[in-house]
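Written below as structure tokens is the structure these notes are about.
The values are calculated or read from the model by the stated rules, or taken from the named source; none is laboratory data. All of these numbers come straight from a predicted model, not from anything done at the bench. All Cβ positions, even for glycine, are placed from backbone atoms using ideal geometry, and neighbour counts span all protein chains on display. Side chains included, ligands, DNA and RNA excluded: accessible areas come from the protein's heavy atoms. Shrake-Rupley method; radii C 1.70, N 1.55, O 1.52, S 1.80 Å.
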Amino acid sequence: MNDRDLVVNAQGLCRSFGPVKAVRDVSLAIPRGTIYGFLGPNGSGKSTTIRMLCGLLTPTSGEARVLGLDVRTQSEKLKQQIGYMTQRFSLYEDLTVLENLQFIAEVYAIAGKHRKTRVEQLLSDFDLQEKRRQRAATLSGGQKQRLALAAAILHEPKMLFLDEPTSAVDPQNRRDFWEILFGLAEQGTTILVSTHYMDEAERCHQLAILHRGVKVADGSPRDLGRQIGASIVEIIADDANRARIAMNDLSEVASVTQLGVRLRVMIPDSIAQPAELVRSALQEKHIEGHVEQVPPSLEDVFVAVTEMRGQEEQAA
Amino acid sequence: MKSLLRIFAIMRKELLQLSRDRLTFGMIVGIPLIQLTLFGYAINTDVRNLRAALVDQADTHLSRQLIADINASQVLVFRDRVDSPLQLETLLDSGQIAIGLYIPPDFDRRVIEGDRQAAQLMVDGTDPIILGVGQRLTSIAMGFDTQRRSASPAGLLEVRNYYNPERRSAVNIVPGLVGVILTMTMVLFTAVAIVRERERGNLELLINTPVRTTELMLGKIAPYVIIGLIQVVIILGLGWLLFQVPLRGDRLDVLWASLLFIATNLSLGLFISTSATTQFQAMQMTFFIFLPSILLSGFMFPFDGMPEIARNIAELLPLTHFNRLIRGIVLRGADIQSMSRDVLALLAIMTVMLTLAIRRFSKRLD
Ligand SMILES: Nc1ncnc2c1ncn2[C@@H]1O[C@H](COP(=O)(O)OP(=O)(O)OP(=O)(O)O)[C@@H](O)[C@H]1O
Ligand SMILES: [Mg+2]
């Protein structure tokens, strides 16, 4: 791929806050029209990276170009062309839905006639017509989020940064929200969205997993499963608790996750027949159960990369 | 064009928010009203229409003139005319009058010779204010006396001094209050203006838009200029209604001086806003400016009576310069050109503050 097709092109981004290294050596290459996900737990540096890419935070070191513009020196120019939906609701709570959108339209200096039609169009697209005269403070979580997205795309940005846009939103609203995102991506908007929901991450075209400020894995959700260097064995046991204790005792096991009666056991690829290993270990302890090797889910990937990182860090 | 649109957008937004913020809105009108009445009445020692009675045993041209003079001062209202000092005492005792005036039969002779008091005031001394009124009235009679004889120029001056300190309190305070109230409200409103956006998280969105720092600052200042002018009108209008404070100078001069002072305070507030991280900090910093302003600007204590170091500090405070301007215009009828030193000082403070505010404000989070 040619560098020019990359909407976001970052090399070795670092950002420290005093002694805290919030982001370490993150490189990104996001092509046009992609929905790119940032998956990571709290404090993993998602917001900090997004802010650097918007030109709101200066990187401690590293370079980044967004839409071909240097985030250090050309951030003002960049602001005309990107949309940013902050993690925290940042429109004016004491203004109405309509007033908020009008304000944003004026601040982006959208021409008079176009301004009105654009605002009206967004109100109906985002199902906010009935709420137009309601103060933003009194909107529900889902309505607030729609309003914030409407404000972020009002000036038709080519690149959209969404920082955990769907926290505090129910599953139905989340699905609708993603419909909108896919629509935007189809029209050529590039979207970077951070989340800590696996199901959302699953929908992204491309994905980066952040852990303590480091990008520990990236690729399409499917590729990531193949990359983790471990297999997943699922156990459905009558006594899941005892089974879990038995698995934890096995030195080969990297991690055990319990999902109700099911256990997902992660075993590194260095073990040839992981299912057999699990079966014999259970038999030894007289635990009944159904054992099967399954393809890794994104959650497994997430656990794998973060656990392995943790072990590496402990070793170092 | 785009710039203007953005400035107006910010202005409109600010006004909308303001109209919904009842507390702040109330402060705009409430602070001038409360301060003016409190300060005005508390410091106002003009007592009027005290109940009084008199005995005029002389009944000459001179004695009648004395009574007419006292009547004209409106301090006393003579409700009774009795025949003897004894009757006056009875009225005093029963509390029917607060002050009695006794003019003896040899009043004319006493006035001309001037060696003794010509007449006597019988005062209900339990109330120190009434006692004070009595003492002041004594000087009225003496002034009248010296005028008649034109004995010494010192006596003549005494008459004038009598009226001045009296009226000075209310008259001097009202224009001073214009500055004090504007300092309090204007600095405070803008001091929290940007901090509030930061605290509520709006700033992260705002700085990610193409709005320029200067546009943001101007848009934030402009609505308050109008609000400040409304306050000036309220204070001077009420001062005139309640305390008969005259406006001797040109109204346009008042407008210019006020505009300049408002803009200076707003710039100062913005500078605070870019330095503080919480609204509470912004308020603390506002008070850090406000207190010395009240104490050193000449509002409370006469400027010339302060030690040199205090005077030097005072020169750095916008209120000091505005007090000179507004008192000059309102009380002496001076025109603003004759006080260009203070105009320049205000301009300088404003420019420095606004530049610092724009410099300090960064469209980045770090
Ligand atoms: N302005 C700041 N000053 C000091 N430390 C900061 C600042 N901003 C972020 N950090 C630190 O940097 C790290 C990464 O924070 P960041 O907000 O980027 O995480 P995140 O992935 O967005 O987390 P979350 O999912 O909770 O939003 C955290 O340890 C945080 O405490
Ligand atoms: Mg975050």
Specify the residue with the greatest mean-square fluctuation among A:His155, A:His211, A:His286, computed from a Gaussian network of chain A linking alpha-carbon atoms under 10 Å apart. A:His286
Setting aside same-chain residues fewer than 8 positions from A:Lys116, which aspartates and glutamates have a Cα under 19 Å from its Cα? A:Glu99, A:Glu106, A:Asp125, A:Asp127, A:Glu130, A:Glu156
Taking the chain alone as reference and the full protein assembly as comparison, with a 1.4 Å probe on protein heavy atoms only, the residues of region A:53-87 that lose at least 20 Å² of accessible area are A:Leu56, A:Leu57, A:Thr58, A:Glu76, A:Lys79, A:Gln80, A:Tyr84, A:Thr86
What percentage of the solvent-accessible surface of region A:229-295, computed with a 1.4 Å probe over protein heavy atoms, is contributed by carbon and sulfur atoms? 47
Have a look at A:Asp125, A:Asp70, A:Asp300 and tell me which one the Gaussian network model of chain A (Cα, springs below 10 Å) gives the largest fluctuation. A:Asp125
Can you tell me which of A:Ile50, A:Ile235, A:Ile153 moves the most in a GNM of chain A? Springs connect C-alpha atoms under 10 Å apart. A:Ile235
How much area per residue is accessible in chain A when the probe is 1.4 Å and only protein heavy atoms are counted (Å²)? 46
Probe radius 1.4 Å, ligands and nucleic acids ignored: give me the carbon and sulfur share of the accessible area of region B:169-360 as a rounded percent. 68
Report the one residue of B:Ser362, B:Met285, A:Thr48 whose Cα lies farthest in the direction of the positive end of the charge dipole of the protein assembly as shown (charges on C-beta: Lys and Arg +1, Asp and Glu -1; origin at the Cα centre). B:Ser362
Using only the heavy atoms of the protein chains and a 1.4 Å probe, how would A:Lys158, A:Lys285 rank by accessible area, largest first? A:Lys158, A:Lys285
Quick one: which of A:Lys79/A:Lys158; A:Lys21/A:Lys46; A:Lys77/B:Lys2; A:Lys77/B:Lys13 span more than 21 angstrom between C-alpha atoms? A:Lys77/B:Lys13
Using the C-alpha gyration tensor of region B:227-332, what are the square roots of 5 times its eigenvalues, in whole angstrom, with the largest one first? 26, 19, 12
If you scale each eigenvalue of the Cα gyration tensor by 5 and take the root, what three semi-axes come out for chain A, rounded to whole angstrom and sorted largest first? 42, 23, 16
Coil-residue trypsin sites (Lys or Arg not before Pro) of region A:33-81, DSSP, other Cβ within 10 Å capped at 14: A:Arg72
Between A and B, accessible area buried - total, square angstrom, nearest 100, 1.4 angstrom probe: 2900
Given a 1.4 Å probe, show me the residues in region B:317-366 buried by at least 10 Å² of accessible surface when comparing the whole protein assembly to the chain alone. B:Lys363, B:Arg364, B:Leu365, B:Asp366
What is the packing order of peptides A:114-123, B:236-245, taking the mean over residues of other C-beta atoms within 10 Å and listing the highest first? B:236-245, A:114-123
Could you name every residue in region A:91-137 that has 40 Å² or more less accessible surface in the full protein assembly than in its own chain alone (probe 1.4 Å, ligands and nucleic acids excluded)? A:Tyr92, A:Asp94, A:Leu95, A:Glu99, A:Phe103, A:Glu106, A:Val107, A:Tyr108, A:Ala109
Please report the antiparallel percentage of DSSP beta bridges with both residues in chain A, rounded to the nearest 5. 70
Evaluate the charge dipole of the protein assembly as shown about its Cα centre and quote only its size in Debye, nearest 20, assuming +1 on the Cβ of each Lys and Arg and -1 on the Cβ of each Asp and Glu. 1860
Evaluated at 37 °C with a viscosity of 0.692 mPa s, what Stokes-Einstein diffusion coefficient in µm²/s does the protein assembly as shown have when Rh comes from the Kirkwood expression over alpha-carbon pairs? 103
On the first, second and third principal axes, largest extent first, how far apart are the outermost C-alpha atoms of region B:50-100 in Å? 31, 22, 11
